Structure formats: structure tokens, C-alpha cells
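In what follows, a structure is listed as C-alpha cells, so that the remarks can point back to it.
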Amino acid sequence: MSSSAYYRPSLRFPVTGVRTVAVAALLALPLAWCYALATAAFPAPVNPLVTAIVSFCLAMLARRAAAKGKVRHPAAMGSAAAAVGLLAWYAQWVAWIVLDEHFPAGVSTGASSLGAAIQLFFRPDLVVSAALDILEQSATVFGKLATIVLWTAELLAFVLFPKSSAAERAGLPFCEDTQEWATLVRVPSRFAFIDDPDAVKRRLEADPAALPEILGPTIDPDSPRFVELTFYRCAGSASFVTLDNLAEMAPDKVPLPRQARPANAEYFAQVDGPVVELLRFPVSDPGRVLARWAEQERAREVRKALARQAAAESADKWTRE
């Protein structure tokens with residue numbers, strides 16, 4: 001809302017969003033069939049990887065539906081994505097039963113695979129009956145419990161990841177004035193580390209337009225402590241900014257095996273969460289502010305190049321002498 005110092009989704013779920021969610025649900029059906037084929041063909045140890053891949057694909061479908069449908073209601077979009085994931089999970093059960101020919105009583109065994117799948121799809125009671133038959137094949141209670149745990153984990157993967165991913169996408173800044181998503185701009189410039197984030201946060205909430213003054217000039221990109229600025233640019237009356245304090249990580253704190261780290265790579269960690277997150281920046285022409293920071297960076301690079309050239313010339317002169 002415009003009265004808030006921070007971006008707040010408008011909680012709108014337009015008709016275009018309903019259409020894109022419906023398309024995502026339709027696309028989830030062949031994805032579920034492919035998943036059933038894969039889990040039937042691959043050895044059991046590979047199935048968790050297949051589940052993760054399909055869960056990721058469902059999350060991308062849901063995110064795309066939110067973006068193309070211009071959905072700005074995170075909770076509703078999350079629920080819609082969860083429903084798509086649940087549909088995919090149910091559809092893969094139907095597909096698996098048909099592929100494995102594990103038909104419960106009540107399904108016409110003479111029907112084609114498509115016909116049997118359609119019969120099962122609209123008879124969840126028969127799908128449950130087939131699942132119970134599979135459970136009965138486990139000779140021990142432990143086997144039954146293990147099977148139920150695996151099915152539950154699969155269900156959660158199909159539902160929770162798409163739900164959280166779609167809700168996060170629907171919560172990204174949207175420019176209500178122009179009816180377009182804000183453009184993400186990762187500002188390459190670095191700014192001085194903020195030692196008192198609470199004070200800066202209060203000042204920015206009172207006067208967001210003072211952001212350039214508070215940040216000050218850009219600093220050397222080799223600094224081990226700095227502020228990273230993420231800019232969501234709108235063509236309307238306001239854009240949104242996030243400020244993060246970052247500090248270089250000690251080598252023993254990097255969450256990667258030593259052999260997997262590129263040589264001489266630097267790693268940075270966020271310090272105590274964002275200073276401000278999606279703060280409304282009421283500047284009519286944010287491009288001018290971004291251009292000013294870019295000009296400061298270019299000037300810094302020129303000064304560094306001149307300094308390197310002067311040092312090289314001095315060393316060459318000393319060598320000749």
C-alpha cells in the first residue's frame with residue numbers, strides 16, 4: 001500500500017492469474033505421467049532425485065503462472081500452487097497404477113491405458129484401494145511404515161516447494177501504476193558498511209528520499225565489509241530498495257568443501273538480516289540515481305588505472321636508473 005514505508009502486495013488475483021494457474025495444472029498432468037514412467041523404470045535409489053527434479057519443475061511452473069498472471073496475492077498463489085502439486089501427485093499415482101497394471105476391482109481391465117487412467121482419475125476411492133493393496137504386500141509393520149513415510153515425503157515435495165516458491169514470486173514488487181512487475185537491478189556498486197542499522201532504518205523510514213545521502217559515495221570493491229543494494233525499479237511514482245550488510249567470510253566458515261572452491265574466490269555472508277527490505281523509494285526518476293552511482297564507479301576505475309600506470313612507470317624508471 002502507498003501509505004506504508006515498505007512494499008506490500010496489493011493482494012490481487014486477476015482473471016489472468018486464474019488462467020495461468022489452469023494452464024500450469026494442465027501441464028502438470030504430462031509431467032506427472034513422465035514421473036510415473038521414471039519411477040517405474042529407474043532403480044529405487046534414483047527415485048528421490050527424480051522426485052526432487054519434478055518438484056523443482058512444478059515450482060517453476062507455479063512461479064511462471066504467478067508472473068505471467070500478474071498475481072500479487074502470495075497466500076492465494078501459494079495455495080493454488082499447492083493444489084497444482086497435489087493434482088500432480090494424484091495424477092502420478094493414477095499413471096503408476098496404469099503402467100504397473102495394478103488395477104483395483106472396479107476398473108475395466110480391457111480398457112486402453114488412457115481409458116483406465118480416466119476411470120481411475122475420477123475414482124479416488126479406487127486409487128486409495130490400490131494404495132492399500134500395495135501396503136498389504138509389505139510383510140512387516142516396519143515395511144508398511146517405511147512405505148507410508150516415503151509416500152508422505154513425496155507428497156510434501158510435490159506440494160510444499162511449489163507453494164513456497166509461488167508465494168515468494170507473487171510477493172515480489174509490482175508496479176501498480178503501470179501494471180507491470182518491477183525490474184530487478186542489482187547495483188554493482190558497494191557502499192560503506194552500516195554500523196548502526198537500526199538508526200539508519202528509522203531514518204530511512206522517516207525520509208526514504210535521503211537514501212543517496214545516507215549511503216554516501218561508493219567504496220572500493222575490494223572492501224571486506226560493505227553494503228549491497230538491490231533495486232526494484234518501477235516506471236511509476238516509486239521504486240523499492242533492499243540494503244544488506246555483507247562481510248567477508250573466514251575460510252573455515254565457507255559452507256563448501258575446500259576442494260569444491262574456486263582458487264582465490266571470496267565469500268561473503270549477510271550480517272544480521274537486511275537493514276531495510278523493499279523500502280519504498282519515492283524518486284520519480286530512479287535512473288538518475290543509478291547513473292550517478294555508475295559514474296562514481298567509472299571514475300574510481302579510471303583513478304585506479306591511472307594509479308597503476310603511474311606505479312608501473314615509476315618502477316620502470318627506477319629499473320632503468
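Coordinate-derived values only; no laboratory data. Just so you know, these numbers come straight off a predicted model, no measurement behind them. Counting neighbours? That spans all protein chains shown, and the Cβs are built from the backbone with ideal geometry, glycine included.
Ala67 sits among other residues whose Cβ lies under 12 Å from its own Cβ, and their net charge, with Lys and Arg +1 and Asp and Glu -1, is +4. Here the label points at Ser164 and Leu132, each 7 Å from Cα along the C-beta direction, are separated by 3.4 nm in the simple model.
At an R0 of 25 angstrom, the distance between the Cβ atoms of Ser79 and Arg225 translates into a FRET efficiency of 0.05. Taking label positions 7 Å along the Cα-Cβ direction at both Ala294 and Asp195, the computed distance is 3.3 nm, reported to one decimal. Taking the number of Cβ atoms within 10 Å of each Cβ as an exposure proxy, the fewest-first ranking of Glu228, Glu205 is Glu205, Glu228.
The length gained on full extension between Asp207 and Arg308, counted as 0.36 nm times the residue separation minus their Cα-Cα distance, comes to 32.3 nm.
Quick check: net charge around Ile134, other residues with Cβ under 14 Å of its Cβ, Lys/Arg +1 and Asp/Glu -1? Computed value for this residue: -4. Residue exposure proxy: Ile194, Ile97, Ile118, Ile214, ordered by other Cβ atoms within 10 angstrom of their Cβ from fewest to most, comes out as Ile118, Ile214, Ile194, Ile97. Here the residues Trp89, Trp151, ranked from fewest to most Cβ neighbours within 10 Å of their Cβ, fall in the order Trp151, Trp89. Partner aspartates and glutamates whose Cα lies under 12 Å from the Cα of Lys201, excluding those fewer than 8 positions away in the same chain, are identified as Asp244, Glu277. Each Lys and Arg adds +1 at its Cβ and each Asp and Glu adds -1 at its Cβ; summed about the Cα centre, the chain shows a dipole of about 600 debye. Sorted largest first, the spans of the alpha carbon positions of the chain along the three principal axes are 94, 54, 33 Å. Within the straight-line cut-off of under 16 Å between alpha carbons, the aspartates and glutamates reachable from Lys70 are Glu168, Glu176, Asp177, Glu180, sequence neighbours fewer than 8 places apart in one chain being disregarded. The stretch between Cys34 and Asp272 holds 81.4 nm of extra length on full extension. This uses 0.36 nm per residue minus the Cα-Cα distance.
The slack between Ala139 and Leu184, meaning 0.36 nm per residue of separation minus the straight C-alpha distance, is 10.6 nm. Screening the chain for whole DSSP H helices of 24 Å or more along their axis (Cα) with average Kyte-Doolittle hydropathy at least 0.5 returns 15-41, 47-69, 74-100, 141-170.
Within the chain, Cys34, Cys57 have no other Cys Cβ under 4.7 Å of their Cβ and so lack a disulfide-compatible partner by this rule. Within the set of other residues whose C-beta is less than 11 Å from the C-beta of Val227, count the net charge using Lys and Arg as +1 and Asp and Glu as -1. Once positives and negatives cancel, what remains is -1. Projecting the Cα atoms of Pro188, Ala291, Gln270 onto the dipole axis of the chain, where Lys and Arg carry +1 and Asp and Glu carry -1 at the beta carbon, places Ala291 farthest toward the positive end. Applying D = kT/(6 pi eta Rh) to segment 15-172, where Rh is the Kirkwood radius over alpha-carbon pairs, T corresponds to 4 °C and eta to 1.567 mPa s, the Stokes-Einstein value obtained is 79 µm²/s.
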